[in-house]
Amino acid sequence: MLKDITIGQYFPGTSFIHKLDPRIKIIVVALFIASLFFVTNFIPYIFIVLFIGLVIYVAKLPLKFIIKGLRPLVFIILITFAIN
């Protein structure tokens, strides 16, 4: 059962993102999450999605892996999108 949960799992690779110091990655993620609280309208969300897409592209993560990880969260994402 735990094999089916892909959110937060490590995906092996040799990209620039994979080679970064883990402390840098933790700081960037913390700053990124904190910045989400300051978004007041829809336009910045477009840049956030583009940034996430860029990070996924640079990390060379397969889209299938990302979608498989987000599948259990689709309902929560849709409700959150509707509320915002």
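Could you tell me whether any residue of region 71-80 is in a helix (DSSP H, G or I), modelled with pLDDT of 90 or more and under 14 Å from the mean Cα position of the chain (by Cα)? No.
If the condition is being among the charged types (D, E, K, R) and either assigned to a loop (DSSP other than H, G, I, E, B) or surrounded by 12 or more Cβ atoms within 10 Å (Cβ to Cβ) (or both), then region 14-55 contributes ASP21, LYS25. For region 30-70, a tally of residues being under 14 Å from the mean Cα position of the chain (by Cα), over 16 Å from GLY13 (Cβ atoms) and β-branched (Val, Ile, Thr) returns 6. Which residue pairs have Cβ atoms closer than 6 Å, lie 6 or more positions apart in sequence or on different chains, and pair a first residue in region 17-29 that is in contact (Cβ under 8 Å) with a residue 60 or more places away in the chain with a second residue that is in a loop (DSSP other than H, G, I, E, B) and among the aliphatic types (A, V, I, L, M)? From residues that are in contact (Cβ under 8 Å) with a residue 60 or more places away in the chain, there are no pairs. Within region 58-70, does at least one residue satisfy the condition of being in contact with a Pro (Cβ under 8 Å, 6 or more places away or on another chain), surrounded by 10 or more Cβ atoms within 10 Å (Cβ to Cβ) and among the β-branched types (Val, Ile, Thr)? Among the residues of region 58-70, not one is in contact with a Pro (Cβ under 8 Å, 6 or more places away or on another chain), surrounded by 10 or more Cβ atoms within 10 Å (Cβ to Cβ) and among the β-branched types (Val, Ile, Thr), which makes the answer no.
The values are calculated or read from the model by the stated rules, or taken from the named source; none is laboratory data. From a predicted model like this one, the values you see are computed outputs, not experimental measurements. Cβ coordinates were reconstructed from backbone atoms using ideal geometry, including for glycine residues, and neighbour counts include every protein chain displayed.
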